[in-house]
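Here is the structure we will look at, set down as C-alpha cells.
The values are calculated or read from the model by the stated rules, or taken from the named source; none is laboratory data. Nothing here was measured: the structure is a model prediction, and the numbers come from that model. Backbone-built Cβ (ideal geometry, glycine too); neighbour counts: all protein chains shown.
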Amino acid sequence: MKALLRKILRPIVYIFTYLPFKRKVNVTRAGTPLKKGISAVVAMKNEEYILPLCLKSLVGFADQVIIIDNGSDDDSLLVANEFKEKFNDKIQVDIVELPNALLGDCREKGLELSEYQWHLRWDADMVAYTSGNHDMKILREKALNDNTPRAIQLPRLNLNGDLSHHEPDKLEDPGEPILIWLTKDVIYKEFGKFDTIRVPFYYQQVQETHNYYFHCQGLKSIDNLMHRFHYFTWRELINSIPEQEQDERIKNYEVFKNLRNEYLFHSKDINTIKFRYQKQLFPKFIKLGTQNSYPYPDVIKEEIDSGNERFKILYENGKPYSRKDSKDFEMENYSISEEDEKWSISEFMDRLLNENYKDYIK
C-alpha cells in the first residue's frame, strides 16, 4: 500500500517540491554545486585483508573515494594510504579517522565530504566487478546518463568465512539502496542495530536486477567477527532504551561485551571464547557450488590464483568444522579443553535466540 501510494504521489511531489528548487538542493553540504560523477564512501574498521580488493575494484567506477576509518588497530589505514598514493592520479581519495563514532555518523561524514552527484554507500568488504557482463562501470554509465533523483537498490552475492563458502540459502539477496542521487535532503539515521539512508518523497525507488558486486561479509579476523556479533546487538539495545533508563553496565560497550561473552560462552578467557564462537559458526557454511552462475570479480580471482588467501574453511570427515586464519597464531596453537568439547551449541543458540540483556547483569 505504501509503495503504491508513493508511486502515485511521487510525480506530483517531484514537480512541486523538487523541480522549482533543484539548484538549491543539488549541492554539497558546503553549498557548492555537485560535480557529475560518483562519490563512494567506504566505512571500515579492521578490514586489512579485504580492503585492498574493495578499493581496487572501485577504480574506474568512482571519481572520489572517501575512506572513513572507525578506529582500526590493524593495517587498514596503511592499506588506505597505500591505495591513495598508488591511484591518486586516477581517483580522488580522502581519508578520515573517526575512532569510536557510530556507523551512522561515519556515513554522514561521508555525505559531508562528497563532491559528486551520485553517492555510493560502500562497505570495506564489498568487491565490484571490473570487467565482463557484470562490470560495475555499466551501472556507472546508466546512472550518469539519467538526472532523475533516485535510490537504486543493488542485489548482491554473499561470501562468508573464506572466498569459496557461503551460508545456506544466503548466496544471493536483493540487497539495499546503496547508489543514491545526492541532494542536501539525503541523510543517514540510526535505526535499531543499523544505519539507514533516508531519501525525500520525490525520489524514485529503483530495484536493479543485475548483479554488480560480491559482499565478502565474513572475511574478517575472528576478533572482528566477534566485535560485530556484539556491537550491533549493543547498538540496537542502546537505541531502544531511553538514556536515563540505561543500566550503567550496558552504557559502556566493552563492559557489555564482556558480560555477554560470559553469559553466552561460559568463559572469561578470550581464546576460549573465540574457539567456542568458531565452533558454532563455521560448520553451517557450504562450499560455493557449480550451480553458481556468477564468475568471480577479477580482483577476487587474482587473490585466489595467487595462493595467498588468508582464510580457509577446514574440513573433517567431509564436513566443515572450523577455519584457519594464517595471521591468528594464538588460535593456531590453541589447545582444546574438555570443557570446550562439552560446550553445547544448542544451549548457546537457545540463549542467543531468547536473550535479554538483563540476564547478563544479574
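One residue stands out among those in the stretch 133-171 that are without any contact (Cβ under 8 Å) to a residue 60 or more places away in the chain, assigned to a strand (DSSP E or B) and not basic (Lys, Arg): the one that is surrounded by the most Cβ atoms within 10 Å (Cβ to Cβ), which is Leu154.
The conditions of being assigned to a loop (DSSP other than H, G, I, E, B) and out of contact with any helix residue (DSSP H, G or I) (no Cβ under 8 Å at 6 or more places or on another chain) are met by Gly71. Within the stretch 106-130, the set of residues being in contact with a His (Cβ under 7 Å, 6 or more places away or on another chain) and assigned to a strand (DSSP E or B) comprises Met126 only. Here Pro174 clears all of (1) under 22 Å from Lys7 (Cβ atoms); (2) not in a strand (DSSP E or B) except the condition numbered (2). Being out of contact with any Lys or Arg (no Cβ under 7 Å at 6 or more places or on another chain), surrounded by 12 or more Cβ atoms within 10 Å (Cβ to Cβ) and acidic (Asp, Glu) is the filter here; which residues of the stretch 326-353 pass it? Hit for the stretch 326-353 is Asp328, nothing else. Hey, could you check the stretch 118-132 for residues that are of a type outside the set (A, V, I, L, M), farther than 14 Å from Thr183 by Cα and in contact with a helix residue (DSSP H, G or I) (Cβ under 6 Å, 6 or more places away or on another chain) and say which is surrounded by the fewest Cβ atoms within 10 Å (Cβ to Cβ)? Looking at the filtered set, the residue picked out is Ser131.
When we screen Glu97, Glu85, Glu141 for residues that are within 21 Å of the chain's Cα centre (by Cα) and of a type outside the set (A, V, I, L, M, F, W, C), the only hit is Glu97. Note on the stretch 76-89: residues that are part of a loop (DSSP other than H, G, I, E, B) and either surrounded by 16 or more Cβ atoms within 10 Å (Cβ to Cβ) or in contact with a strand residue (DSSP E or B) (Cβ under 6 Å, 6 or more places away or on another chain) (or both) amount to 0.
Residues checked against (1) closer than 23 Å to Glu47 by Cβ; (2) touching a strand residue (DSSP E or B) at 6+ places or on another chain (Cβ under 9 Å):
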| residue | (1), (2) |
| --- | --- |
| Ser221 | yes, yes |
| Asn224 | yes, no |
| Tyr231 | yes, no |
| Leu237 | no, no |
| Asp247 | no, no |
| Ile250 | no, no |
| His266 | no, no |
| Thr272 | no, no |
| Gln278 | yes, yes |
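Identify, please: which residue in the stretch 287-312 is over 21 Å from the mean Cα position of the chain (by Cα) and of a type in the set (Val, Ile, Thr) and is, among those, surrounded by the most Cβ atoms within 10 Å (Cβ to Cβ)? Within the stretch 287-312, the match that is surrounded by the most Cβ atoms within 10 Å (Cβ to Cβ) is Ile304.
Listed here are the residues, each with its yes/no results for (1) in contact (Cβ under 8 Å) with a residue 40 or more places away in the chain; (2) touching a helix residue (DSSP H, G or I) at 6+ places or on another chain (Cβ under 8 Å); (3) farther than 20 Å from Lys362 by Cα.
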site: Phe229; (1), (2), (3): yes, yes, yes
site: Phe232; (1), (2), (3): no, no, yes
site: Gln244; (1), (2), (3): no, no, no
site: Lys251; (1), (2), (3): no, yes, no
site: Asn261; (1), (2), (3): no, yes, no
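Please work out if Arg323 is touching a Leu at 6+ places or on another chain (Cβ under 8 Å), surrounded by 12 or more Cβ atoms within 10 Å (Cβ to Cβ), of a type in the set (Lys, Arg) and part of a helix (DSSP H, G or I). No.
Tell me yes or no: at least one residue of the stretch 278-298 is assigned to a helix (DSSP H, G or I), of a type in the set (Phe, Trp, Tyr) and either touching a Ser or Thr at 6+ places or on another chain (Cβ under 6 Å) or modelled with pLDDT under 95 (or both). Yes; the residues of the stretch 278-298 include at least one that is assigned to a helix (DSSP H, G or I), of a type in the set (Phe, Trp, Tyr) and either touching a Ser or Thr at 6+ places or on another chain (Cβ under 6 Å) or modelled with pLDDT under 95 (or both).
If only residues of the stretch 90-105 that are assigned to a loop (DSSP other than H, G, I, E, B) and on the phi < 0 side of the Ramachandran plot are counted, the one that is modelled with the lowest pLDDT is Leu102. For Val199, the conditions (1) more than 18 Å from the chain's Cα centre (by Cα); (2) aliphatic (A, V, I, L, M); (3) within 30 Å of Asn308 (Cβ to Cβ) are fulfilled apart from (3).
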